[in-house]
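Novice: Below are the structure tokens for one structure; questions will follow.
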Amino acid sequence: MANKIFGLVLAGGESRRMGQDKALLLRDGQSQLQHVAALLEKVTDRTFVSARKEQQNDAERKQFELIIDRYDDMGPIAGILSAMDVHPDVDWLVVACDLPNIDLETLTFLLDKRPAGKPFTAFKSTHDGLPEPLCAVYRAGSDAILRQFVAAGLICPRKMLIRSDTALLEQPNPAALDNINTPEDLAGSVLGAAS
């Protein structure tokens, strides 16, 4: 029997380069966090939001089931490992909150095309062909692989997927995984056009 698939919106970043909380950027009257969570709710059995301890009382985040980071100073991998700690027997569809072009087609394609037996499934970046770790499936049990990298001092999820047996898929929508990190990125995005 296939594992359940849970969704995880990574919303624990500090948004230093953006200068404002990326999860709270508005689009069509809803936050970017709400937008991504709503998409995940359509394709997963349950959806959670990853946050740091100091964000757990944030009005926007606490509308969702939260998984609070159990690891400090590890970036996105802290949220992924924390989710796998709380629910170790499910597959996780992990999506960053700063993807304004993410769509249902992209998420459905990722889930439908993930092969059995691979610990990770990710899209190839349209920019450099490398894995996109922040819109990817992390299978139950793959946390053991992630922990080996962390123990060796590696916390970059992209490098982890590059060095692992990762299934790589072509993106059905080439712009779906373009993220926003700076005010300039925002101005050129659908979110910038909406504000």
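Values in this text are rule-based calculations from the coordinates and carry no lab data. Values in this document were obtained by computation on a predicted structure and should not be read as measured data. Please note: Cβ atoms are built from the backbone with ideal geometry, for glycine as well, and neighbour counts cover all protein chains shown.
Novice: If we restrict to alpha carbons, what Rg and Dmax does segment 39-132 come to, in Å?
Specialist: Final numbers for Rg and Dmax: 14.1, 39 Å.
Novice: List the pairs from Lys113/Lys159; Lys62/Lys113; Lys62/Lys124 whose alpha-carbon separation is above 25 Å, in the order I gave them.
Specialist: The pairs that break the limit, which is 25 Å between Cα atoms, are Lys62/Lys113; Lys62/Lys124.
Novice: HN-Hα J couplings of segment 166-177 from phi, Karplus 6.51/-1.76/1.60, θ = phi - 60°, integer Hz, Gly and Pro as x?
Specialist: Computed from phi, the couplings for segment 166-177 are 9, 7, 10, 10, 7, 6, x, 10, x, 9, 4, 9 Hz.
Novice: Now, a different point. Given a Förster distance of 25 angstrom, what is the FRET efficiency for Glu54 paired with Ala151, based on the Cβ-Cβ distance and rounded to 0.05?
Specialist: So, using R0 = 25 Å, E works out to roughly 0.40.
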